[in-house]
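Below you'll find the structure, written out as structure tokens, and then a few comments.
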Amino acid sequence: MKRIIIIIILISICINISFSFNVVNIEDFKIVNNDDNLNYIFPKPKFITFQASRGDPKNIYEFDAKRPFIELTNETKIKFQNDEKSSTSSASQQQKEIKTKQHWTQNDIEHIKRYYQYLFKVYPIREQSTTFKDIIANNRNNYENTTGTTYIIEIIKTPTLSEKDYKSTHRNTIPFGSNENYEIVSSQYGITIYVNSKFGVLHAFKSLFQSGNLVLSNKSNNNNNNNNNNNNNNNNNNNNNNNNNSNNSNNNKKDINQRNEKIKKLYFYNYPFSIVDKPRLNYRGLLIDTGRHFLTVEYIKQIITSMSLLKMNALHWHITDDQSFPLEIPEYPLLYRKGSNHLGYIHNFISTTDNKTIEEQQKQHQQKQHLNYYKLRDIKEIIKHGEFMGVRIIPEIDLPGHTLSWGKAYPDLVCSCPNYLEKRRNDVNGEYTFSAPLDPSNDLVYTIIESILKTVKSVFTDPYLHLGFDEIPFDCWIENSDLVTKMFQKYNLSSPSKYLSFFLKKVNQILLNLKNNHHNSNGNSILMWEDIIPMLDSIDQNEYLLNNNDRDIIFQLWKGRDEYDRFLLKNKKPFIYSFGNYLDPSYQSCNTFSECLFKQQELIQEFEKSKLMIGMEACAWEMIPYGDIKSTEKDGISKHDRGYPDRVWSRLLGIAEKMWFKPMFSFNETENKQLTQSIKDQIKENSITRAKYYIKILDLIVQNQNLIDSSKLNKII
């Protein structure tokens with residue numbers, strides 16, 4: 001019966017949706033009732049229906065005041081079920097599905113329960129709206145839940161994905177093939193959630209906490225009159241017994257204390273409501289850069305928490321770069337002892353550890369053998385937190401370029417090219433802009449790469465491994481005559497493009513060896529920046545990028561769509577798109593919240609049709625873990641914000657919603673002439689209102705002004 005009701009609701013939703021396609025009305029995009037939390041879910045859900053929205057908006061307050069509540073606490077029972085009958089497949093297909101169906105595991109159940117408790121602990125008390133206060137006054141009994149109603153949360157796991165759907169999302173979601181869709185249906189008995197995986201449950205919980213009213217209320221409100229009667233009877237019966245009176249007095253005080261104890265309660269007064277939601281893109285990522293600035297373990301965990309609350313699911317961790325090798329490699333400890341934060345500053349000598357002057361930093365470097373780096377136990381702690389938050393952690397070891405830090409421990413690993421480096425020097429940033437590649441002619445290079453990748457694969461659990469392959473300075477290789485001579489005499493190679501293909505072949509063999517030696521149990525997919533494509537000739541492209549059957553290769557586009565048009569579309573290669581979603585000041589950036597949200601809508605629609613884009617990723621390059629700090633660029637004049645609270649979150653809100661929510665219409669006026677400027681303005685106003693509300697929630701949950709500062713959003717609307 002319950003499923004029939006849900007089907008009817010979904011049919012009515014579809015009818016409303018088809019109607020909105022035909023007639024675009026500005027009223028469709030307004031927040032009709034500013035006091036209703038269902039309007040403020042962020043990112044915006046796919047569909048929401050709730051009873052009050054179907055009537056006259058003028059009568060919403062009066063209508064709601066007569067409605068009962070759903071009340072949830074951290075003690076609310078969560079019931080887990082498996083939906084065995086919801087499949088529309090044939091009988092034989094259902095038998096196959098039942099065989100492969102995975103019911104709720106005990107680990108999933110414990111994870112879901114702990115996450116529910118976590119949200120109750122960290123989510124801030126909502127300032128009660130005028131509407132909510134009016135309803136409390138008119139419906140006090142329901143607010144205090146003296147009726148004895150016991151509400152539950154019922155979580156029903158629907159059948160697993162079909163083989164076709166599984167393959168289409170393989171390696172692109174967490175876990176592979178399990179989607180993040182969820183459906184919430186409310187009733188007088190509580191909340192029912194339909195999902196395919198635990199990650200859908202986590203998203204559903206986030207939306208519930210945004211759409212409900214979290215308030216402080218009495219822990220126990222039941223049967224107060226009965227308690228008073230019992231107390232009076234006890235006193236009358238015990239008049240002749242002082243000891244009993246004393247005991248009763250103590251018991252009465254205990255009862256009073258219990259009645260006065262306050263706990264968080266989550267109220268839903270606008271039901272029945274339903275939310276049907278799914279992510280627009282399977283991969284919704286954020287890149288952090290610890291190759292330029294060390295971020296503490298706790299800071300990274302707070303980043304993961306914040307992006308998870310924005311329903312993002314992938315942290316791309318750019319660990320190493322020219323400026324630092326901050327990763328423990330047990331077999332080669334000098335890599336991190338000498339290579340971690342070897343410069344001690346980024347742009348304009350901004351310190352990587354604190355606000356010391358450049359002279360103080362240099363003195364500190366002379367006194368210490370090494371600076372901050374990530375121990376293997378630190379990485380395990382970060383991964384564990386990511387798993388709890390539903391965020392995968394993808395490591396990047398950038399090679400063969402951006403490896404100057406490797407040479408601090410082992411100088412022969414890096415190609416020597418002093419003339420090339422000197423051309424990159426500038427008075428503002430000193431040696432910070434120096435970048436040098438590995439020496440492909442040195443056998444030790446491949447020995448150490450194997451050790452690094454073996455270590456990475458032993459600790460990171462994600463099937464994706466990012467190997468960089470961007471901005472490889474061919475000029476540096478050409479300048480080194482010893483390298484040129486050795487590559488020609490020993491391998492008959494005479495161009496930097498062939499040096500690169502030689503290097504790539506070596507790395508492929510290392511990966512294959514690790515796989516055969518069981519160091520590759522966590523998957524085969526390799527990510528590369530798009531730079532590798534034009535750097536290889538057509539023969540090597542076919543051999544190493546197209547016909548590589550040992551592993552999947554996914555390209556990350558950061559320069560624009562040129563390689564998509566020229567190479568990826570023709571060869572049907574998957575990609576992640578980052579251009580236009582950089583958070584640092586650069587030509588790849590979006591500079592306002594509205595630009596980050598709306599500018600690429602038509603482009604995403606085009607990429608979606610190709611079915612090659614698995615997702616998008618925002619990139620926080622060279623950012624500092626505190627606010628109100630600026631860097632001077634190499635022209636010596638331009639100054640830009642470099643702090644996480646200044647640049648990252650105000651823009652990331654727009655990108656996160658763009659990756660999650662797919663509009664029901666086209667932003668292209670030639671395709672949708674009814675989308676007038678006034679409607680565009682209303683959509684923008686709605687999005688900004690919700691963003692302003694939710695960044696305050698993030699600010700209160702994280703409680704770290706060096707990470708999130710909600711006041712910064714107003715500067716870049």
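The values are calculated or read from the model by the stated rules, or taken from the named source; none is laboratory data. None of these values were measured; they are calculated from a predicted model. Cβ sites come from the backbone with ideal geometry, for glycine too, and all protein chains shown count toward neighbours. To get the accessible areas, we keep the full protein, side chains included, count just its heavy atoms, and leave off ligands, DNA and RNA. Shrake-Rupley method; radii C 1.70, N 1.55, O 1.52, S 1.80 Å.
Just a few scattered comments:
- Links that overshoot a 29 Å alpha carbon limit, given the list LYS454/LYS609; LYS157/LYS696; LYS454/LYS573; LYS278/LYS680; LYS572/LYS599: LYS454/LYS609; LYS157/LYS696
- In whole percents, the pair-distance distribution calculated for segment 587-717 from its alpha-carbon pairs, binned every 5 Å from zero, is 2, 9, 17, 20, 18, 14, 10, 7, 3, 0.
- When the C-alpha to C-alpha distance is required to be over 25 Å, the pairs from LYS46/LYS712; LYS611/LYS662; LYS77/LYS264 that qualify are LYS46/LYS712.
- Distance in nm between pseudo-label sites at TYR118 and LYS384 (7 Å out along the Cβ direction from Cα): 1.3 nm
- Accessible surface of segment 398-441, 1.4 Å probe: 45 percent of it comes from carbon and sulfur atoms.
- Value of Rg/Rh across segment 403-542 [Cα atoms, Kirkwood radius]: 0.98
- Rolling a 1.4 Å probe over the protein heavy atoms of segment 563-717, with every protein chain left in place, gives an accessible area that is 50 percent carbon and sulfur.
- The residues of segment 579-711 present an accessible area of 39 Å² per residue when probed at 1.4 Å with all protein chains retained.
- Two-site FRET efficiency, GLN703 against GLU110, from Cβ-Cβ distance with R₀ of 25 Å, rounded to 0.05: 0.40
- Peptide packing: for 287-297, 581-591, the average count of neighbouring Cβ atoms within 10 Å per residue gives the ranking 287-297, 581-591, highest mean first.
- In the context of the full protein assembly, ASP552 retains an accessible surface of approximately 80 Å², using a probe radius of 1.4 Å and ignoring ligands and nucleic acids.
- Per residue, segment 363-455 exposes 41 Å² of solvent-accessible protein surface, assessed with a 1.4 angstrom probe and all protein chains in place.
- Scaling against 2.2 N^0.38 Å puts the C-alpha radius of gyration of segment 547-638 at 1.31.
- Sparse-neighbourhood loop sites, GluC sites (Glu not before Pro) in segment 447-523 - DSSP loop, at most 16 other Cβ within 10 angstrom: GLU471
- Among 385-396, 494-505, the peptide with the highest mean count of other Cβ atoms within 10 Å heads the list, and the full ranking is 385-396, 494-505.
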